[in-house]
Amino acid sequence: MTEMTAGSATPEALFSAPSARTLRKALEIVGWLVMAMLLWTGLTSIFGRADFLMEASTVEYTDPLETFNAFDGRYVQFSFATWAHLIPGLLIFGLGPLQFSRYIRKNYLNFHRWSGRVWLTCGVISAFSGGFIGIFYPFMGVDGQGFNESMATTFFAVYTLFCMYKAYSSIRAKQFGAHREWMIRSWALMLAIATERVMLGILMGTTGVGVEVLFGTTFWMAGVVNIVASEIWINLTRTPGNGNRHWKDLDAKAAA
Ligand code: HEM
């Protein structure tokens, strides 16, 4: 009987079922809480690394890899690429949550558009500067254990660029639902840097496996976890039809 009811239900009715609405509401709260934790983690990484670079600029050295350690020395060696990574990263984390605010989109559409362009530009710069260090000069060397990090960076930088391109091209074509979905994917990939930090800390503290192995491994793990989380959220909130209606509008209508 239940099967018959579910089988004959319209996509609208299935989408607006009370259990689906409750799940969306609960996951939205969890999502914002997790996002706040990841934002804090990412921002402290940015400021920590910027602080290190500024201190390093006051030190005299001939070989940064010798003066500092093998991990940190690369950031001094490629300080231009590092700053070109940290500054856009700051804007990405600062502007990202605002792009997902309905209040801002509804009341300040112009701000949303311009900050979206800045966000995408920063995303491209971040992908290239992170790509430069991670692909060619990974911690532990590209011909050693660093190959893992190099491949992870290649994969995620290319996929992030692709997601951002799709986000941009779909909004130019006025495909609002598709734009929303590609932006969620792009944002989840950006947040993976913070997920990696959390995973790295936990695994280093609990497994006794060294950072040499864990650094590249957690890069993959964080990317995959964030991609899966974003796909689950996208599927749960994709509205019937062309997907251009917002799930919150449909849920509010169903609750009325
Ligand atoms: C497409 C996007 C991105 C890619 C492919 C990427 C990749 C990378 C890579 C490969 C490194 C160097 C890791 C190493 O070998 O030491 C790195 C470092 C870093 N990234 Fe990104 N990144 C991206 C976006 C971001 C964003 C959005 C932030 C904002 C929080 C960020 C923050 C950082 C920080 C703070 C570091 C320095 C890490 C440290 O101090 O240990 N990245 N990134």
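The values are calculated or read from the model by the stated rules, or taken from the named source; none is laboratory data. Please read these numbers as outputs of a predicted model, since none were measured by experiment. Counting neighbours? That spans all protein chains shown, and the Cβs are built from the backbone with ideal geometry, glycine included. Quick note on the areas: whole protein, heavy atoms, side chains included, nothing else; ligands and nucleic acids left out. Shrake-Rupley method; radii C 1.70, N 1.55, O 1.52, S 1.80 Å.
General observations
- Contact order normalised by residue count of the chain, Cα under 8 Å, 6+ apart, percent: 18 percent
- Remark: the ALA252-SER101 segment gains 52.7 nm on full extension, using 0.36 nm per residue and subtracting the alpha carbon distance.
- With protein chains left intact and a 1.4 Å probe, residues in the chain average 56 Å² of accessible area per residue.
- Average 1/r across all pairs of distinct alpha carbons in the chain, invert it, and you get the Kirkwood radius: 20.2 Å.
- The distance from the alpha carbon centre of the range 219-234 to that of the range 105-165 is 15 Å, rounded to a whole number.
- Count of Lys pairs (Cα-Cα under 20 Å; at least 8 positions apart or interchain) in the chain: 7
- Between ASN235 and THR121, the modelled label-to-label distance comes to 3.8 nm, taking each label 7 Å out from Cα in the direction of the beta carbon.
- Loop-located trypsin sites (Lys or Arg not before Pro) in the range 101-193 (DSSP state other than H, G, I, E, B) with a sparse environment of at most 12 neighbouring Cβ atoms within 10 Å: LYS174.
- Placing unit charges on the Cβ atoms of the charged side chains and taking the dipole of the range 19-241 about its Cα centre, the candidate lying farthest along the positive direction among PHE147, ALA127, TYR103 is TYR103.
- Under the combined filter of DSSP loop state and at most 16 neighbouring Cβ atoms within 10 Å, the range 15-89 retains these chymotrypsin sites (Phe, Trp or Tyr not before Pro): TYR61, PHE71.
- Placing a label point 7 Å from the Cα of PHE155 along the Cα-to-Cβ direction, the residues of the range 189-222 with a backbone N closer than 14 Å are 216-222.
- Taken over the range 1-125, the ratio of Cα radius of gyration to 2.2 N^0.38 Å equals 1.66.
- Largest GNM mean-square fluctuation among THR44, THR154, THR195, using the chain with Cα springs under 10 Å: THR44.
- Nearest-0.05 FRET efficiency for VAL142 and PHE47, computed from C-beta distance (R0 25 Å): 0.30
- Heavy-atom accessible surface of the range 19-241: percent carbon and sulfur, 1.4 Å: 69 percent
- For the chain, built as a Gaussian network whose Cα springs stay under 10 Å, the top-fluctuating residue of VAL118, VAL59, VAL228: VAL59
- Share of pairwise Cα separations in the range 87-187, more than 23 Å, in percent: 33 percent
- Its Cα centre serving as origin, the chain has a Cβ charge dipole (Lys and Arg +1, Asp and Glu -1) of approximately 1680 debye.
- Kyte-Doolittle at least 0.0, axis length at least 15 Å by Cα - qualifying DSSP helices, the chain: 18-56, 79-99, 109-131, 146-172, 176-207, 211-237
- Cβ-derived FRET efficiency at R0 51 Å, PHE128 paired with ILE29, nearest 0.05: 0.90
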